[in-house]
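For reference, the structure is listed below as structure tokens.
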Amino acid sequence: MSSKLFPEVLAHRQDWLVVGEGHRIFYQISGNPQGIPVVWLHGGPGSFSTAFHRRFLNPSKFWIIQFDQRGCGKSEPSGGIVANQTHDLISDIERLRENLGLARWHVVGGSWGGALGLIYAQAHPNVVSRVLLRSPFLCTQSEVENYMERPPEACRERWQSFKNQLPIAAGESMLACCHRVFCEEQDTALQLRIARAWATYESAMNLFPKAPSQSVQPPQPAKPYQTADTHTTADDALIARYRVHSHYLQHRCFVDGDVFAQPQMLRSLDLTIVHGEADALCPFKNSLTIEQMAPQTRLIRVAGSGHDLSDKGILAATFAEIERWAVAS
């Protein structure tokens, strides 16, 4: 896998941007300041930016901008869900662009980051040069319900283990229970047990159609994980991740109607999608829907692959499309 990516590059600038309502978002910049500016929108909701993501971009060709969304990663407050909705995140992306003094930039977004990329490109088409979506999420009720209630058979054992941790009340869905535990209650021991089981299940869904091995570990923050609050631990971060996750999913990611608020704005974009045909988290039909909305879309269908960015086929296709940007520019 590593032979297909650029060597790891350190961020040469890291800082926080105050965005209001008590939030400040952590951002980091790497690559060539004179190169093509690219913002990478991480997934989740509730995940964080990583050094692995920037290995897809040639550091001599691109100026690589990453940030942790509100409540995520090193952004503060960790796990904060007040004043944390999709329209806030879209505003934060634009604030970051303006703060960096960029007239235009390229946008890469995967999974939930793909939904953000779609929404942002429709809201601010004049500042977007190109968009690459990897396995995009469309924030539909069916996607949320399939994830929470109807996993493929290969993931059902991990899903059942997750469900077994939940104190589900009469008439309560799994998601409603998670939202109550993470967003309304204060039992951190219970939150941690659920977060670990949820992360293990999510990892299995991410790897599908590959069978998860017994060694699959829940996603953890990049090491060293530090915030201004030196008491933050990996356990705290995992709880924060699933607090944000349940907050967004319970409200269908705060998307009114669907993610295509202004589809006409997509039709003039240089838009590329990479998507695995066997994706269990964000079904391939999502990309066909986008292609119908924006027929000029370059859709890369990866046969046999699922959602995992490190999957050989997904990795190679994503890398190749970003390299195509470097050549075209």
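Looking only at the stretch 295-329, count how many residues are part of a loop (DSSP other than H, G, I, E, B), at negative phi and of a type outside the set (Asp, Glu).
Kept after step one, since they are part of a loop (DSSP other than H, G, I, E, B), are these residues of the stretch 295-329: 295-297, 303-311, 329.
Keeping just the survivors that are at negative phi gives 295-297, 303, 305-311, 329.
In the following step, the residues that additionally are of a type outside the set (Asp, Glu) were identified as 295-297, 303, 305-307, 309-310, 329.
Adding up the residues that qualify gives 10.
Look at residue 275 and say whether it is crowded, with 22+ Cβ neighbours inside 10 Å, modelled with pLDDT of 95 or more and in a strand (DSSP E or B).
yes
Tell me yes or no: at least one residue of the stretch 53-66 is of a type in the set (Val, Ile, Thr) and either closer than 14 Å to residue 100 by Cβ or under 16 Å from the mean Cα position of the chain (by Cα) (or both).
yes
Hey, could you check the stretch 73-109 for residues that are in a loop (DSSP other than H, G, I, E, B) and hydrophobic (A, V, I, L, M, F, W, C) and say which is farthest from residue 235 (Cα to Cα)?
Only one residue fits best here, namely 103.
Out of the residues in the stretch 59-72 meeting the condition of being in a strand (DSSP E or B) and touching a Lys or Arg at 6+ places or on another chain (Cβ under 7 Å), tell me which one is surrounded by the fewest Cβ atoms within 10 Å (Cβ to Cβ).
Going through the qualifying residues, I end up with 66.
Out of all the residues in the stretch 12-32, which are over 14 Å from residue 97 (Cα atoms) and touching a residue at least 24 places away in the same chain (Cβ under 8 Å)?
Result: 20, 21, 22, 23, 24, 30, 31, 32.
Being of a type in the set (Phe, Trp, Tyr), assigned to a helix (DSSP H, G or I) and modelled with pLDDT of 95 or more narrows it down to one of 26, 56, 52, 48, so name that one.
Step by step, each of 26, 56, 52, 48 is checked, and only 52 is of a type in the set (Phe, Trp, Tyr), assigned to a helix (DSSP H, G or I) and modelled with pLDDT of 95 or more.
Go through (1) under 20 Å from the mean Cα position of the chain (by Cα); (2) surrounded by fewer than 22 Cβ atoms within 10 Å (Cβ to Cβ); (3) assigned by TED's automatic domain parsing to the domain that holds residue 317 one by one and return the number of the condition residue 107 breaks.
(2)
Just a yes or no: is a residue in the stretch 237-251 over 17 Å from residue 45 (Cα atoms) and either modelled with pLDDT of 95 or more or outside the structural domain of residue 182 (by TED's automatic domain parsing) (or both)?
Taking the stretch 237-251 first, the residues over 17 Å from residue 45 (Cα atoms) are none.
Scanning the stretch 237-251, I find no residue that is over 17 Å from residue 45 (Cα atoms) and either modelled with pLDDT of 95 or more or outside the structural domain of residue 182 (by TED's automatic domain parsing) (or both), so the answer is no.
Identify all residues within the stretch 22-50 that are surrounded by fewer than 16 Cβ atoms within 10 Å (Cβ to Cβ) and under 14 Å from residue 79 (Cα atoms); write none if there are none.
Once the filter is applied, which keeps residues that are surrounded by fewer than 16 Cβ atoms within 10 Å (Cβ to Cβ) and under 14 Å from residue 79 (Cα atoms), the stretch 22-50 yields only 22.
Out of curiosity, is residue 75 under 21 Å from residue 207 (Cα atoms), assigned by TED's automatic domain parsing to the domain that holds residue 290 and polar (S, T, N, Q)?
No; evaluated as a whole, the condition is false for this residue.
Pick from the stretch 126-176 the residues that are within 18 Å of residue 108 (Cα to Cα) and among the hydrophobic types (A, V, I, L, M, F, W, C): which of them is surrounded by the fewest Cβ atoms within 10 Å (Cβ to Cβ)?
127
Restricting attention to the stretch 60-72, does a residue exist that is of a type in the set (Lys, Arg), more than 15 Å from residue 252 (Cα to Cα), out of contact with any Gly (no Cβ under 9 Å at 6 or more places or on another chain) and touching a residue at least 24 places away in the same chain (Cβ under 8 Å)?
The answer is no; no qualifying residue exists.
The values are calculated or read from the model by the stated rules, or taken from the named source; none is laboratory data. Treat the numbers as computed from the prediction; the structure is a model and nothing was measured. Cβ sites come from the backbone with ideal geometry, for glycine too, and all protein chains shown count toward neighbours.
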